[in-house]
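Okay, so here's the structure we're looking at.
The values are calculated or read from the model by the stated rules, or taken from the named source; none is laboratory data. Remember, it's a predicted structure, so these values are computed and weren't measured experimentally. Areas reflect the complete protein model, heavy atoms only, side chains present, ligands, DNA and RNA absent. Shrake-Rupley method; radii C 1.70, N 1.55, O 1.52, S 1.80 Å.
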Amino acid sequence: AANRKDPLAAAYASCLHHKVCNKLPQDQERAVEYANIAMPWLRSEAAKGNKYAQCHLGLCYADGRGAEQDNVQAIKCFQLAAAQGHCIAQNKLGMHTTYSAVLFSFLLLYVRLIFIEFKFIIELNLNC
């Protein structure tokens, strides 16, 4: 589909050729070619609030595919997508919550509850 200049397919093909994929060889020239096809569509959709297009646009700016490398623009795109819950954009901004972080938070809450219960039992025994 990317060969027929389908901008959505081109956007994904650009990412696949840019990053090493077990199905496609890494090919920066093709990645840039596909990004150039996708950029008008990505910009248009990103301006409409499409979080997927915003994230893809951010990746293109970050990598310099289809646009001059611009980390400020990349961060702006990632922020827009992340605000809508796009997990890759959140990851790029370091906002993702890992399973271990959530588990640790619950563990701390559990320890606090045990401490409060233990403190209550001691106070109860002292007042008797």
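Note on the stretch 21-43: residues that are assigned to a loop (DSSP other than H, G, I, E, B) and modelled with pLDDT of 75 or more total 2. Return the residue satisfying two criteria in turn: it lies in the stretch 69-121 and is at pLDDT 75 or above and not in a helix (DSSP H, G or I), and of such residues it is nearest to the chain's Cα centre (by Cα). Result: His86. For the stretch 54-97, a residue qualifies if it is open to solvent by less than 20 Å² (accessible area, probe 1.4 Å) and of a type in the set (Phe, Trp, Tyr), and exactly one does: Phe78. Filtering the stretch 3-20 to residues that are over 20 Å from Tyr61 (Cα atoms) and at pLDDT below 65 leaves Asn3, Arg4.
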